[in-house]
1. Just to be sure, is Ala201 of a type outside the set (Asp, Glu) and in contact (Cβ under 8 Å) with a residue 40 or more places away in the chain?
2. Surrounded by 19 or more Cβ atoms within 10 Å (Cβ to Cβ), at negative phi and hydrophobic (A, V, I, L, M, F, W, C), is that true of Ala126?
3. Take segment 60-91 and flag every residue that is without any contact (Cβ under 8 Å) to a residue 12 or more places away in the chain and over 26 Å from Arg120 (Cα atoms).
4. Taking only segment 83-116 into account, find how many residues are part of a loop (DSSP other than H, G, I, E, B) and more than 21 Å from Gln43 (Cα to Cα).
5. I need the full set of residues from segment 27-41 which are out of contact with any Lys or Arg (no Cβ under 9 Å at 6 or more places or on another chain) and within 17 Å of Leu99 (Cβ to Cβ), in order please.
6. Quick check: anything in segment 142-150 under 30 Å from Ala228 (Cβ atoms), in a helix (DSSP H, G or I) and in contact (Cβ under 8 Å) with a residue 40 or more places away in the chain?
7. Right, Ala220: in contact with an Asp or Glu (Cβ under 7 Å, 6 or more places away or on another chain), crowded, with 18+ Cβ neighbours inside 10 Å and not assigned by TED's automatic domain parsing to the domain that holds Leu13 or not?
8. Filter segment 7-38 for residues that are in contact with a strand residue (DSSP E or B) (Cβ under 7 Å, 6 or more places away or on another chain) and part of a loop (DSSP other than H, G, I, E, B) and give the result.
Amino acid sequence: MVTAQQVSTYVVLEERLGYRFRNATMCETALTHKSWLNESPNQGREDNERLEFLGDAVLALVVSDLLMKQFPRHPEGELSKVRAAMVNEAGLASVADALALGQWIFLGRGEEQAGGRGKRSILSNALEALVGAVYLDGGFEAAYGAAERLFQPLVADAHAAAGRDFKSRLQELSQARLQMAPTYTVVSQQGPDHDKTFEVAIFLGSQEFGRAQGKSKKEAQQAAAAQALAALDGHAEASE
């Protein structure tokens, strides 16, 4: 159960969130799991499920806008995949963990004993409810600011991952342009087992499109795929 001392430290949560609630009960509602009300009825408070519903919609809009700005040339399908990965249960729970949100959630004794403060479902729902509470308490601009503060690191990671995942991009491009999939061949490996260097060549059909080294096969494959992407772009420009 949440102690009086924990309740008094909402200011710490608000600082991490980047928003100070005008109505503290709104924050409490966002943090109230239904198991707490089941064991503590007649408290004049509702659980956070309605706020969770609202926060889900607010987050979908804010994250979509952030991704549109971060990836101005990405098609809708790719943006949808990135957004889904960010606002799914695992993504939301990771943001909640960064906030240390679990310590503020009102849980029933049974849920507490079952490890509820670490459950991804409870954490993700509470985070959505918290965003919904900010929206009701301060409006969309406040909710946007809070959500941007919370999710910008994930957006930045998604941008970096998109740049690094050359293999997936090459797979899609080679299928679309050449109707064939790339194949990767380990050409050589050098060094002791604890410090190997791999050289990988990449082929489209019988033609080699790239060759690179890395400290792991995956690293070498990614580097070779980056070369192949550049080579494919060169072929496309030459044929125009």
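1. Spelling it out, it is not the case that Ala201 is of a type outside the set (Asp, Glu) and in contact (Cβ under 8 Å) with a residue 40 or more places away in the chain.
2. yes
3. Matches in segment 60-91: Met68, Lys69, Pro72, Arg73, Pro75, Glu76, Gly77.
4. Residues that pass the stated criteria total 5.
5. Cys27, Ala30, Leu31, His33
6. Checking segment 142-150: not a single residue is under 30 Å from Ala228 (Cβ atoms), in a helix (DSSP H, G or I) and in contact (Cβ under 8 Å) with a residue 40 or more places away in the chain.
7. Taking the combined requirement at face value, the residue satisfies it.
8. The answer is Leu31, His33.
The values are calculated or read from the model by the stated rules, or taken from the named source; none is laboratory data. What you see is a predicted model; the values in this text were computed from it and never measured. All Cβ positions, glycine included, derive from the backbone under ideal geometry; neighbour counts span all protein chains shown.
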